[in-house]
Structures are given as structure tokens and as C-alpha cells.
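Inspection log for the structure reproduced underneath, given as C-alpha cells.
The values are calculated or read from the model by the stated rules, or taken from the named source; none is laboratory data. Note that the coordinates shown come from a computational prediction; the quantities given were computed from them, not determined experimentally. Neighbour counts run over all protein chains shown; Cβ positions are idealised from the backbone, glycine included. These accessible areas exclude ligands, DNA and RNA; they are computed on the full protein's heavy atoms, side chains included. Shrake-Rupley method; radii C 1.70, N 1.55, O 1.52, S 1.80 Å.
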Amino acid sequence: MGLLDELEQEAQKLKANADDAVKRKGDREEVFRTQLDPGMTALYEYLTKLVASLKVLQPKKQLRYALNGYGDIIAYVEHDYDLKVSQQPGSKEITLSFPCAIASEECPTVDVQGGGKVKTVGGAFQRYHLGGLMDPKKDANGEVVSAKFKAKGRIVLSATFSADAESAMVKMNFFNFDTFGSVAKSVAPAQLDAALFDDIGRYLTHEPNALLRETLPDSYRLQLRTKVQQDQIKRRWETKINEQQKTELDQLKRDQSIAGKFGKLVGKKDS
């Protein structure tokens, strides 16, 4: 192949790759326009109705957060919801946030001893914007060596749902719902349906749900089932082999015992 042919072939590859990239971008934009954007609009409408109902009913919902070195922090949802939606060309984002009031009278008073432990618990209180540091005692160097903690204040919960043409996915992020910190989940456009919205609503209101439960592919599920069955068969055979070996060993011991007794009897007769 001559130089000109090689250059022409490389140019064709570059053009084909560029055409593929343009096509993929166009496909993602089409998915956003026909599936993601309408789906996010439906989700926003669902959340609007959910928030309206919660504001009227105001169910008393207790939340419990385990904090290392302190214990359980008890809080109750305050039905002061802030629901927003923002849209840019090719992207859409929904945010929902609301506070929970810490029931200080239901939280423990913990006496923490040791500068390291005080820093650990105090750092966690500061990181999660909690109040409740009491009666700190310092050593001669001015370092806090003991303190009491009794949680108070508010915990803000937030949920963010974002979709864009670039990823052609819906990304969900939940902050301070099941525990301190965030958890994330992504779903395909086809999953934006009533069942998913119901799971989201139940998760937001701390009702039983399957939102963060991962669905395994059928092929992987079959692989796991096959492995479990193989392990069960293996364990059954190992049990049978062990039982057989034990039986044979007991029989061998009995045979040796009989042979020993017979040998002693023959020896007595010969003498």
C-alpha cells in the first residue's frame, strides 16, 4: 500500500469515528428529549403531590442515627419541604430538602474521657453540624481531655435527581436519610415509571421500599444459583465421604482389637 493510500485510509477512519461520535451524541440528545425530560417532569409532579400530602398529614416519623463514640441520635421530621427544579439545555435537576429536629431529651448524655476520644466525637458533631458539647475540661497544656455530649440541633435531609443528555441516565443522590452521609443510585430512562416513583416516595418517607436494592442480571442470578447448588452437592459428598471414612476407621479399630485379643489367647495356649 502506498503512502497516499495509507493517509487516505487513516482519514476515512477519523471521519468514521467523528461520524459515530456525532451519531451517539444525537442519540443521547434524542433519549433526553423523548424519555428523560418527560420522565423528570413526571417525577417532579409526583414529588409535588407527595410534599403537599405530607404537609397536610404531617406524620410523626422518628429517625435514628448511630454515631460512633456517642450512640443513637433521635430526630423527628419537620414537614418544611423545599422542592425545586432547574433546567438547562440538555439537563434537568430536581432537589428536595427538609430538616429533622433532634429530640435532645431522647438522646443520651455521654461522658467522654481522653483527648483522642473527645476529638473523635467532637469532630463528628462538627462534621454533621450538631450541637451538644458540654462541660469540657482541659489539662495544663490547654488540651481538652474530657467532655460531655448531648446531641441537639437539626439534621438536614436532601435528595437530588439529575438527568442530562451527556450520560443519558438519571442520577439520584440521598443525603442523611438512612445514616449520616450520602448514597447514590443511577437508573436508565426506561425505569422512570410509576413503580420507581413509588419506591422513591417510600424511601423519602422512610417506609419499606426496594429503591436501593440492586437487581441482578438473569445470567448472573443463574450463575449464583448454580454455584450454590454445586456447593450443596459438594458438601453432601464430603459428608458422605467423612461418614464412610469414620465407619471404616471404626471397623478397622474393632478388627485390630479382635486380632489383638486372639493373639493373646493363642499365646496363652502355646505357653
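Rolling a 1.4 Å probe across all protein chains gives S167 an accessible area of roughly 40 Å². For A210 and E105, the FRET efficiency from 1/(1 + (r/R0)^6), where r spans their Cβ atoms and R0 equals 30 Å, is about 0.30.
Relative to one another, the C-alpha centroids of segment 108-158 and segment 37-52 are positioned 40 Å apart.
State whether segment 23-132 is rounded, prolate or oblate according to the following rule on the C-alpha gyration tensor (a ≥ b ≥ c being the square roots of its eigenvalues): a/c under 1.5 gives rounded; otherwise a/b larger than b/c gives prolate, and the remaining case gives oblate. Walk me through the numbers on the way to the answer.
On the way: a/c = 4.38, a/b = 1.95, b/c = 2.24.
Note, shape of segment 23-132 comes out oblate.
To the nearest 20 Debye, how big is the dipole of segment 85-138 about its Cα centre, given +1 on the beta carbon of each Lys and Arg and -1 on that of each Asp and Glu? Don't jump to the answer; show the numbers that get you there.
Values: 6 positive and 5 negative charges, 71 e Å.
I would put it at about 340 debye.
When the surface is traced with a 1.4 Å probe over the full set of protein chains, T179 keeps roughly 70 Å² accessible. Rounded to the nearest 20 debye, the dipole magnitude of segment 21-176 is 140 debye, with +1 charges on Lys and Arg beta carbons, -1 on Asp and Glu beta carbons, and the Cα centre as origin. Tell me whether segment 1-84 comes out rounded, prolate or oblate; compute the Cα gyration tensor, take square roots of the eigenvalues as a ≥ b ≥ c, and use a/c under 1.5 as the rounded threshold. Oblate is the answer for segment 1-84, as a/c is 1.5 or above yet b/c matches or exceeds a/b.
Fully extended, how many nm does the chain gain between K185 and K84 (0.36 nm per residue separation, minus their Cα-Cα distance)? Don't skip to the end; give the middle numbers.
Numbers: separation 101, 0.36 × 101 = 36.36 nm, distance 1.98 nm.
Net length gain for the segment: 34.4 nm.
Over 18 Å between Cα atoms, which of K92/K171; K119/K148; K92/K185; K60/K150; K55/K152; K84/K185 qualify?
Working: K92/K171 11 Å; K119/K148 12 Å; K92/K185 16 Å; K60/K150 22 Å; K55/K152 24 Å; K84/K185 20 Å.
As for pairs spanning more than 18 Å Cα to Cα, those are K60/K150; K55/K152; K84/K185.
The label-point distance for K55 and S97, in a model that sets each label 7 Å from Cα toward Cβ, rounds to 1.8 nm.
Stretching the chain fully between L252 and V156 yields a gain of 27.3 nm (0.36 nm per residue, less the alpha carbon separation). When each of the peptides 147-153, 246-252, 73-79, 124-130 is scored by how many other beta carbons lie within 10 Å of its residues on average, the order from highest to lowest is 147-153, 73-79, 124-130, 246-252.
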